[in-house]
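Everything on this sheet refers to the single structure shown next.
Please treat every number below as a calculation from the coordinates, not as lab data. Everything quoted here is computed from the prediction, not taken from an experiment. We place every Cβ from the backbone using ideal geometry, glycine too, and count neighbours over all the protein chains shown.
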Amino acid sequence: MRFLHAADVHLDSPCSSRSETVRQKLRDASRLAFRRLVDLALAERVDALLIAGDLFDDERLSFQTERFLLEQIHRLDAEFIPVVYATGNHDPGRAGLRSLELSWPDNVTVARDKTAVRIKIEGGSRESGSREVLGVVTAAGHETAAETGDLSTGFPTPEGRVPEIAVLHTQVVDSPGSAAHQRYAPSQLEALRGSGHDYWALGHVHKRSVLCEHPGIHYPGSLQGRTHGERGPKGCLLVDVHPGTKPDVEFKKLAPIQWEDVEIRDPSEATTLDALIETIAEGWHAVAGSETGTEWIGRIRVSGATPLWRELSGDDDQDHLREELVYRLGLLDLTLEIGSVHPQVQADEHRAREDVLGETLRLVSDVRTGDASLTGLSPEQLIGLDDPERLHEYVAELLDTGEAEVLSRMLKDTAEGR
Ligand SMILES: [Mn+2]
């Protein structure tokens with residue numbers, strides 16, 4: 001039996017941390033990814049499409065997206081491709097909720113609560129009537145948004161004559177990336193391995209991961225990444241299952257927008273902002289490649305010793321650098337994070353000096369670490385302090401690049417970055 005396994009589509013997800021333009025692009029991208037999923041199902045002539053929960057977020061499904069979703073499912077119905085959809089914690093199957101009330105075409109089976117639903121998947125010629133059972137899909141769903149029980153325990157033991165596939169939105173305890181997710185409907189890897197199913201089509205963890213090759217126990221990851229935490233290519237799994245052997249599982253990229261991170265830890269060679277842009281561009285292309293047909297959202301972190309430490313510490317130059325990078329790398333959006341940047345001469349080398357420089361560096365350092373008293377400094381006098389309780393923390397922030405500043409003003413070879 002051959003099928004597509006997708007999960008965590010999150011249609012119409014708000015992605016609230018981004019600008020309105022980017023949010024709109026991400027919503028469109030989720031829909032395009034879903035359309036591509038249906039295109040792929042038709043092109044590969046699969047026997048079924050399995051969706052392991054979180055197809056959308058609660059009741060937050062616009063009328064337009066609802067129509068789009070049903071149109072896409074109708075395309076599969078027209079080609080007699082069954083869809084098995086097990087609800088997740090974001091789209092629970094309680095009566096009155098969208099997952100249940102949508103006017104699903106006849107090819108859709110919704111597993112809406114802990115009662116396991118069994119569906120025979122048939123193949124062969126419709127005209128001659130010589131139909132055969134290719135496999136059995138069993139699915140259970142989340143009835144509410146906070147299922148705490150192990151839903152996998154209600155799955156009946158497979159009979160073993162044809163491939164048996166299980167569909168479930170669950171957090172397999174101790175699976176990679178599971179710590180980032182809340183503990184909804186936890187299940188045990190050993191129990192899934194020993195259940196007798198040939199393949200577990202899981203959902204919930206947004207990172208693609210293989211928990212077991214044989215039997216196949218897989219998370220396909222989200223269909224389209226929504227945050228910096230969901231990096232890399234996103235899509236679905238194309239699976240072939242033959243009883244008794246390891247399933248063939250192939251990842252198919254579908255997401256039109258991809259998130260990636262680049263970290264520049266040694267920018268010391270770049271002596272101008274243009275040279276720094278060049279360094280970052282090299283780092284970016286090493287991660288993102290030169291692939292076309294994908295839009296990118298980047299997060300770039302720069303830290304370490306650099307002759308540009310003073311420019312990089314100022315908002316104006318950061319904004320300029322960010323805009324240049326967006327243009328140069330052709331990004332849809334960019335989060336630029338300037339970490340701790342400092343001149344190439346380290347304050348540590350001069351802190352022990354028995355002169356005014358050593359004394360100043362020690363004082364700045366002590367204020368930053370909280371070892372020096374701020375007695376006499378009145379919170380009312382300080383510009384920009386909104387909470388008097390944060391006095392020490394605030395002064396430490398003001399002195400964040402204080403040692404570098406003192407060094408560059410007093411020592412010849414630091415001003416130019418040496
Ligand atoms: Mn999800």
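Quick look at the values:
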quantity	calculated
Charge dipole magnitude, Cβ of K and R +1, D and E -1 - the chain, Cα centre, debye nearest 20	1820 debye
Among 187-195, 131-139, the order from most to least packed when residues are scored by Cβ within 10 Å on average	131-139, 187-195
Per-residue ³J(HN,Hα) for the range 66-71, Karplus 6.51 cos²θ - 1.76 cosθ + 1.60, θ = phi - 60°, Hz, x for Gly and Pro	4, 5, 4, 4, 5, 4
Per-selection metrics, the range 344-418 (Cα): Rg and Dmax in Å	13.9, 40
Whole-Hz couplings from phi, Karplus 6.51/-1.76/1.60, listed for the range 131-142; x for Gly and Pro	8, 10, 7, 8, x, 10, 10, 10, 9, 9, x, 8
Other-chain or far-sequence residues with amide H under 5 Å of residue 57's (modelled H)	11
P(r) of the chain over all Cα-Cα pairs, binned every 20 Å from zero, in whole percent	23, 40, 25, 10, 1
Given charges at beta-carbon only (K, R positive; D, E negative), |dipole| of the range 275-418 in Debye	400 debye
Per-residue ³J(HN,Hα) for the range 313-326, Karplus 6.51 cos²θ - 1.76 cosθ + 1.60, θ = phi - 60°, Hz, x for Gly and Pro	7, x, 4, 4, 5, 5, 4, 4, 4, 4, 4, 4, 5, 4
Folded to 0 to 90 degrees: helix 273-288 orientation relative to the chain principal axis, Cα	20 degrees
For the chain, built as a Gaussian network whose Cα springs stay under 10 Å, the top-fluctuating residue of 93, 216, 283	283
Helix 356-369 axis, angle to the chain major axis (alpha carbon atoms, nearest 10°)	30 degrees
Trypsin sites (Lys or Arg not before Pro) restricted to DSSP loop in the range 6-59 with at most 16 other C-beta within 10 Å	45
Estimated FRET transfer efficiency when R0 is 51 angstrom, pair residue 20-residue 132 (beta carbons, to 0.05)	0.50
Protection-proxy order for peptides 373-383, 312-322, each taking the mean of Cβ atoms within 10 Å per residue, highest first	312-322, 373-383
Order of 276, 4 - criterion: other Cβ atoms within 10 Å of each residue's Cβ, fewest first	276, 4
Electrostatic dipole magnitude of the range 258-342 [Cβ: Lys, Arg +1; Asp, Glu -1; Cα centre; debye, to 20]	180 debye
Mean shadow area of the range 258-342 over all directions, Cα convex hull, nm²	4.8 nm²
Enclosed volume per residue, in Å³, of the convex hull spanned by Cα atoms of the range 233-378	224 Å³
